[in-house]
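Notes to accompany the following structure.
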Amino acid sequence: MPCPFLSRLSATYVRNYAEPLLQTYGSQCPVIARSIFSTPSDVSASASVTGGNVEAASPAVTQVRKLASMQQQQPKLVEEVVTPDTEVKPRNFPYEEFFHEQILRKKQDHSYRVFKKVNRLAEAGKFPHALDYSNNEEKPITVWCANDYLGMSCHPEVKSAVRQALEKYGAGAGGTRNISGNSLNHENLERRLANLHQKEAALLFTSCFVANDSTLFTLSRLLPGCHIFSDAGNHASMIMGIRNSGVPKHIFRHNDVDHLRSLLKTVDKKVPKIVAFETVHSMTGAICPLEELCDVTHEYGGLSFVDEVHAVGLYGEHGAGVGERDNQLHKMDIISGTMGKAFGNIGGYIAGSSKLVDMIRSYAAGFIFTTSLPPTVLCGADKAIEILASDEGRELRKRHQSNVSYLRNLLQREGFPVEHTPSHIVPVKLGDPLLCTKISDVLMQQYGHYIQAINYPTVARGEEKLRLAPTPFHTHDMIDHLITDMKKVWKQLGIPLNGPTCSKECSFCRDPQVFEYYEARTRDSSNKSCSSQVACGIPDCPRMMTAVA
């Protein structure tokens, strides 16, 4: 059987703390105990096999010698252990040393996170600027990486709604919705979200992490014999809910419809199934083949759980996401979203049928036992959703798309390793955590551009990148200035500008007309001209739907 001590500790930790571990737990181990209590004569006899040469003895004999030596150096400990009448009082586990070891591991692989001290500014005309305090001094910077994609957090009407709610209803919700936290503001916002996604009902959570985790866990545990099919690129919140549920899970390759189909075929159609995936991938910027994924899910009797976190507010005529843009809302059984990104506030939600939502409301611990969202957030989010569903929202999305395209094209033209995707996320892939951090630090400290390095565990090792997210309020002059400064940093650090990271070019990237079609924020239902089928085997490359009906 595996050692219950060594199997739970890293080799480095064992090397560093071998002595206290032996002293504390040695007497409880049948192997180590025999070594500790070996007599000098036993050791000598073992050494005689090699002619008295201790170093030439086998590793086991050498270890016996070392342990016997330690035993002689600790007579009190041994005496207490071997005396039947003496109570052994082992030392406490070295907690602080263990914590230190875990932190060192993060620092050694360059995944240790040092938070930038940044205060974003919300005064008129200040967005997307901020003040940096990372070096204990105030310095103005420009933010290029926030998920406040459309600046709704500082929209004057949103701020006004928050102020009015604060004065009228106070700062807190008062508890869970079951006890004292329910209000008309909760119900009004849920009604607006349900209407936005053309669903019967919606349910608010304190974050979309909690929404995804709680919904997938609760739904899969309640459905008898349920199986979950999860996209390999899914967010940690979905992975957590699926893992904690303990139900059988099947992982299909990122955005790969054929692989999903092959996995679904292995489970009886009558068995309950949930297929979980994202429309816009938060780190690669890829957009899923939504219609195909929903169709194959329903073909094999499953429910589609679609995360629209990085799409709501940004796509569709009213900002309902990729589902609205592609006219697929009716095929999305459960939609999860957030108010914390394009809607500029905080909190998550799901939308679906009234019975499904009511069941989650009644059983999900993450909803039942959590203090509800405060009135300031509810009223601010409600106003932001209203604005982004209007003509003003459509104009913001148009400007946003223009800036994203301008930035992406400049990066490509100058040879930066940008990942070519049609979403609003512009990743610059480097594949080196230390290099990512260096670039981020130099851009911030010397040039006043805040672009956060994205390292493990947010992305897989080898996929480290800088993730840019321009807004409608970044001007072309600001973008030009950023590109100029990035070129200086690349030269300063000796990084070559070799162009896109794709090892081969796919037909999707090669066809500007097709790319513009999938980059668009709204979809003209009367446009039937784009019906080309594109096949691409590159992982994370955005795929076209097989046809546009």
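The values are calculated or read from the model by the stated rules, or taken from the named source; none is laboratory data. What you see is a predicted model; the values in this text were computed from it and never measured. Here the Cβ positions follow ideal geometry from the backbone for every residue, glycine too, while neighbour counts run over all protein chains shown. Accessible surface areas use protein heavy atoms only, side chains included; no ligands, DNA or RNA. Shrake-Rupley method; radii C 1.70, N 1.55, O 1.52, S 1.80 Å.
Against the list (1) buried (at least 23 other Cβ atoms within 10 Å of the Cβ); (2) in a helix (DSSP H, G or I), the condition residue 416 fails is (2). Among residues that are under 21 Å from residue 213 (Cα atoms) and at pLDDT below 95, residue 283 is included. Here is a list: 423, 402. Which entry is small (Gly, Ala, Ser), open to solvent by 10 Å² or more (accessible area, probe 1.4 Å) and over 18 Å from residue 492 (Cα atoms)? The unique qualifying residue is 402. Sub-7 Å Cβ pairs linking a first residue in the stretch 178-201 that is assigned to a helix (DSSP H, G or I) and surrounded by 15 or more Cβ atoms within 10 Å (Cβ to Cβ) to a second residue that is at pLDDT 95 or above and of a type in the set (Asp, Glu), at least 6 apart or interchain, are 189/382; 192/382; 194/200, ordered by first then second residue.
Scanning the stretch 203-215 for residues that are of a type in the set (Gly, Ala, Ser) and either over 19 Å from residue 319 (Cβ atoms) or surrounded by fewer than 24 Cβ atoms within 10 Å (Cβ to Cβ) (or both) yields 207, 214.
Quick one: would you say residue 309 is open to solvent by less than 10 Å² (accessible area, probe 1.4 Å), in contact (Cβ under 8 Å) with a residue 24 or more places away in the chain, closer than 29 Å to residue 346 by Cα and touching a strand residue (DSSP E or B) at 6+ places or on another chain (Cβ under 7 Å)? No, not satisfied.
Scanning the stretch 200-234 for residues that are of a type in the set (Phe, Trp, Tyr) and closer than 18 Å to residue 275 by Cα turns up 209, 217, 229. Whenever a residue of the stretch 262-289 is within 14 Å of residue 227 (Cβ to Cβ), its partners that are of a type in the set (Asp, Glu), lying with C-beta atoms within less than 7 angstrom and at least six residues away or across chains, give the pairs 276/231.
Is it the case that residue 334 is of a type in the set (A, V, I, L, M) and closer than 16 Å to residue 186 by Cβ? The answer is no for residue 334.
Yes/no per residue for (1) at pLDDT below 85; (2) open to solvent by 20 Å² or more (accessible area, probe 1.4 Å); (3) part of a helix (DSSP H, G or I):
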site	(1), (2), (3)
474	no, no, no
479	no, no, yes
483	no, no, yes
487	no, yes, yes
513	yes, yes, yes
516	yes, yes, yes
526	yes, yes, no
533	yes, yes, no
536	yes, yes, no
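Evaluating residue 301 against the criteria (1) modelled with pLDDT of 95 or more; (2) small (Gly, Ala, Ser); (3) closer than 30 Å to residue 151 by Cβ leaves one unmet condition, (3).
Taking residues in the stretch 105-123 that are aromatic (Phe, Trp, Tyr), and partners anywhere that are not in a loop (DSSP other than H, G, I, E, B), the pairs with Cβ atoms closer than 9 Å and at least 6 places apart or on different chains are 112/103; 112/104; 112/105; 112/106. In the stretch 441-469, what residues are touching a strand residue (DSSP E or B) at 6+ places or on another chain (Cβ under 8 Å) and either assigned to a loop (DSSP other than H, G, I, E, B) or among the small types (Gly, Ala, Ser) (or both)? Listed by number, the residues that qualify are 448, 451, 452, 453, 459, 463, 464, 469.
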